[in-house]
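The values are calculated or read from the model by the stated rules, or taken from the named source; none is laboratory data. If you're wondering where the values come from, they're calculated on a predicted model, not measured in any experiment. Heads up, the Cβs are rebuilt from the backbone with ideal geometry, glycines too, and the neighbour counts pull from every protein chain shown.
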Amino acid sequence: MKKVVVHAPGGFDRLVVESHPDPTPAPGEVRVSTRAAGVNFADCVVRMGLYQSAKDYVGWPITPGFEFAGVVSALGEGVTDLELGAEVFGVTRFGGYASEISVPRLQLLPLPKGLTFSQAATFSTVFLTAWYAVCELVRLRPKMRVLVHSAAGGVGSALVQLARLAGCEVVGVVGGPRKVQPALEQGAHAVIDKSAQNLWREAERHAPAGYHVILDANGPETLRRSYAHLAPGGRLVVYGFHTMLRKNAGRPNWLKLAWDFLRTPRFNPLEMTDHNRGVLAFNLSYMFDEVELFLEAMRFLVGERAQASGFEQACPDPLSSRARFDSFEFADYSVRSWTCCSRGSS
Ligand SMILES: NC(=O)c1ccc[n+]([C@@H]2O[C@H](COP(=O)([O-])OP(=O)(O)OC[C@H]3O[C@@H](n4cnc5c(N)ncnc54)[C@H](OP(=O)(O)O)[C@@H]3O)[C@@H](O)[C@H]2O)c1
């Protein structure tokens, strides 16, 4: 089997394709011959050596990748409900950039009818993150005012879709004019292009009384003001810090990182209580033991397509058909897909 291996932190040049023996699935595991693997912004952070859970769970060398789709190629002892050749998609705590991967059976689902391998391989990470933020941490209700930063990115566009589905009034923020239309198409009622407009003046214009929920993975660039633009009882959900990295750069700028670390706001619970505002933060990669939660999320997200593949419950809107992604050949892995993530053009 072939996999992408990063032996030490660094730029794109650290991505090396290596040949290794096929993994043997342990009891309760399934091996999958991958047909597609998802590339996420977080993979770039893993490669740079800045992703804490990658250090906690794997260290170096590491194969990045949280998600994949393919065909079952071997069954571990005790797995009786899948057959060789079955088409599946799944999640993994790293290791997804591989032609063969073994994961616990419970991290796999049948490929929903009508989805290609590429579509399925790019669905889980962004939609599970969005689901956890707005269906588990925050309970969205109709008419809530919701502000989504980076609304045309992977997680951002999933957040816009889920918030719209919940009947919220959704304002998206994007970093350039070519992302306005995609964010509108995902369901945002209004989009602020912060490269051309004054972000906070526009945000106030759309919601003079503030936002019930703001979803922010920018980090220090916007966190303080996002908090300040919450309505009474509002919640700021923090799930990333991507502005700490320079766009277009394969490597971190350590001076900028240190400065951004220092200027990241520290929220005080005494003040938060007085302000009647909350801050929530999470990283899904620490939650791979939460199998029931994963299945609940997937039943909701994959909806009708899943029902056709044997799930019990269906969400009325097959969101999966609306996941946005670009597709690259494996040989292109280091050049196009990763630079696309690093320059913030997604
Ligand atoms: N906590 C979790 O469990 C979890 C799980 C998955 C992802 N995440 C985080 O969610 C965020 C989005 O991930 P994604 O996979 O959706 O990424 P993505 O599709 O690549 O989108 C990232 C967006 O961030 C903006 N951005 C701002 N500064 C950037 C920079 N220096 N480099 C690159 N992009 C920059 C860009 O949008 P604009 O310029 O339009 O703002 C870009 O569209 C990341 O911070 C990621 O680490 C967290």
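Which ones in region 155-177 are under 21 Å from the mean Cα position of the chain (by Cα) and more than 22 Å from Cys135 (Cβ to Cβ)?
Those that are under 21 Å from the mean Cα position of the chain (by Cα) and more than 22 Å from Cys135 (Cβ to Cβ): Val174, Gly175, Gly176.
Just the residues that are modelled with pLDDT under 95 and of a type in the set (Lys, Arg), please, taken from region 142-164.
Correct list: Arg164 only.
Report whether or not Gly167 is in contact (Cβ under 8 Å) with a residue 24 or more places away in the chain, within 20 Å of Glu221 (Cβ to Cβ) and not basic (Lys, Arg).
Criteria not met by Gly167.
State whether the residues of region 216-232 include one that is over 19 Å from Val171 (Cα atoms), within 15 Å of the ligand (Cβ to nearest atom) and within 23 Å of the chain's Cα centre (by Cα).
The answer is yes; a qualifying residue exists.
Can you go through Thr243, Thr264 and tell me which one is away from the ligand (no atom under 11 Å from the Cβ) and under 26 Å from Tyr132 (Cα atoms)?
Going through Thr243, Thr264 in turn, the sole match is Thr264.
Are any residues in region 71-99 touching a Phe, Trp or Tyr at 6+ places or on another chain (Cβ under 9 Å), assigned to a loop (DSSP other than H, G, I, E, B) and over 24 Å from Asp289 (Cβ atoms), and if so, which ones?
Ser99 - this is the single residue of region 71-99 that is touching a Phe, Trp or Tyr at 6+ places or on another chain (Cβ under 9 Å), assigned to a loop (DSSP other than H, G, I, E, B) and over 24 Å from Asp289 (Cβ atoms).
Which ones in region 39-51 are in a loop (DSSP other than H, G, I, E, B), of a type outside the set (A, V, I, L, M, F, W, C) and within 9 Å of the ligand (Cβ to nearest atom)?
Asn40, Tyr51
Tell me the residue from Arg299, Arg224 that is modelled with pLDDT under 95 and of a type outside the set (A, V, I, L, M), please.
Arg299
Among the listed residues Glu204, Glu296, which satisfies the condition of being out of contact with any helix residue (DSSP H, G or I) (no Cβ under 8 Å at 6 or more places or on another chain) and closer than 30 Å to Leu106 by Cβ?
Glu296
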